[in-house]
Amino acid sequence: MTPPMNRPDRAAALLKARSRATATPADPSWPLHLAEDLRDIRADWKTSTEVCADAAWAARSVGRSVLGLLSPEDVLAPDRDPITARTLVHLYLSALRFDFRCPTLQRLVEHLAETARQPLDCYTRALYAFALLGQSRTKGLTVMDEVLTEAEEHPKTLHVLLHGLWLGQDLDEGAERLLALSSRPALATGTGTGTGTDPIVLFRVAGALRRMDRYDEGLGAIDRAIDCLPPGDTSVLADLVRERSLICAARDLHQHRSPTRTSSGVPS
């Protein structure tokens with residue numbers, strides 16, 4: 001018998017699972033249905049990540065957050081098969097990330113690490129790094145570096161780490177690290193100069209440039225992000241416009257604080 005991972009129809013099954021998860025957020029049982037679908041195709045952590053992150057975001061976007069369908073007890077239940085358990089972990093932790101609930105996310109992953117029957121997968125550890133980075137905890141940088149050695153160029157994982165660096169405003173050289181991460185091929189943003197096409201990455205790059213007082217470059221990045229945003233995405237557009245306003249305000253304040261000269265030519 002051909003293993004499910006090698007079946008020619010695996011791609012079709014995965015597409016069906018993704019479509020069902022994102023199209024039926026009003027059905028409270030969709031997380032368990034998604035877990036069944038991923039178990040049927042023996043999804044690995046990367047596949048689970050791709051589907052679960054998008055499904056959690058789609059549900060949140062229509063006011064049906066996974067946090068209202070699952071509980072920590074569901075995520076920590078010890079009697080589930082590994083793929084079902086991982087699916088629920090990815091869904092719930094992704095929902096916590098999208099709501100910026102960093103302390104809760106951190107505690108839940110630490111509990112998982114203590115009770116899990118097998119090592120935590122790379123994406124779950126990336127979400128743990130996000131929780132720490134988002135609280136500007138130095139340990140998050142260590143966890144991030146460990147994740148990067150395994151994640152390689154996996155886009156969803158890199159986006160989680162980039163998000164954490166963006167949120168951690170008080171991290172030592174956090175802005176510089178964000179720019180370095182954004183230059184990886186999977187994120188395709190160049191070197192922070194606004195040459196990429198991913199509006200979310202460009203948005204985070206613009207914020208890092210603002211923190212480094214590189215305002216003109218930041219404006220270039222945010223303008224490109226706005227230009228690359230798909231039409232009709234009003235929620236993200238609002239974030240981009242807000243960042244543009246922040247850059248302009250920071251630039252104006254910086255210029256106002258710059259030494260001015262009196263009529264005698266001596267700085268006042």
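The values are calculated or read from the model by the stated rules, or taken from the named source; none is laboratory data. Computed from a predicted structure; not experimentally measured. We place every Cβ from the backbone using ideal geometry, glycine too, and count neighbours over all the protein chains shown. Ligands, DNA and RNA are excluded from the accessible area calculation, which covers all protein heavy atoms including side chains. Shrake-Rupley method; radii C 1.70, N 1.55, O 1.52, S 1.80 Å.
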statement: Picked from region 42-59 (must be in contact (Cβ under 8 Å) with a residue 60 or more places away in the chain, over 13 Å from the mean Cα position of the chain (by Cα) and open to solvent by 10 Å² or more (accessible area, probe 1.4 Å)), the residue nearest to residue 82 (Cα to Cα) is 45
task: Could you figure out which of (1) in a loop (DSSP other than H, G, I, E, B); (2) open to solvent by 40 Å² or more (accessible area, probe 1.4 Å) isn't true of residue 186?
output: (2)
query: Among the residues of region 7-27, is there at least one that is under 23 Å from residue 111 (Cβ atoms) and open to solvent by less than 60 Å² (accessible area, probe 1.4 Å)?
result: no
message: Criterion first (modelled with pLDDT of 95 or more and in a loop (DSSP other than H, G, I, E, B)) does residue 171 satisfy it?
response: yes
- line: All conditions in (1) in contact (Cβ under 8 Å) with a residue 40 or more places away in the chain; (2) surrounded by fewer than 21 Cβ atoms within 10 Å (Cβ to Cβ); (3) small (Gly, Ala, Ser) are true of residue 206 except (2)
field: Filter pass, residue 102 being farther than 19 Å from residue 168 by Cβ and modelled with pLDDT of 95 or more
entry: no
query: Taking into account only those residues within region 70-125 that are basic (Lys, Arg), in contact (Cβ under 8 Å) with a residue 12 or more places away in the chain and assigned to a helix (DSSP H, G or I), which is least open to solvent (accessible area, probe 1.4 Å)?
result: 97
task: Find the residue count for region 217-233, including only residues that are outside any helix (DSSP H, G or I) and either open to solvent by less than 70 Å² (accessible area, probe 1.4 Å) or modelled with pLDDT of 95 or more (or both).
output: 2
query: Can residue 155 be described as farther than 20 Å from residue 214 by Cβ and open to solvent by 70 Å² or more (accessible area, probe 1.4 Å)?
result: no
statement: residue 114 fails exactly one of (1) within 22 Å of residue 236 (Cβ to Cβ); (2) at pLDDT 90 or above, namely (1)
query: Could you say whether any residue in region 198-214 is assigned to a helix (DSSP H, G or I) and over 16 Å from residue 166 (Cα atoms)?
result: no
- prompt: Among 146, 114, 153, which is within 24 Å of residue 221 (Cβ to Cβ) and out of contact with any Leu (no Cβ under 8 Å at 6 or more places or on another chain)?
  reply: 153
Odd one out for residue 236 among (1) more than 30 Å from residue 255 (Cα to Cα); (2) in contact with a Pro (Cβ under 8 Å, 6 or more places away or on another chain): (1)
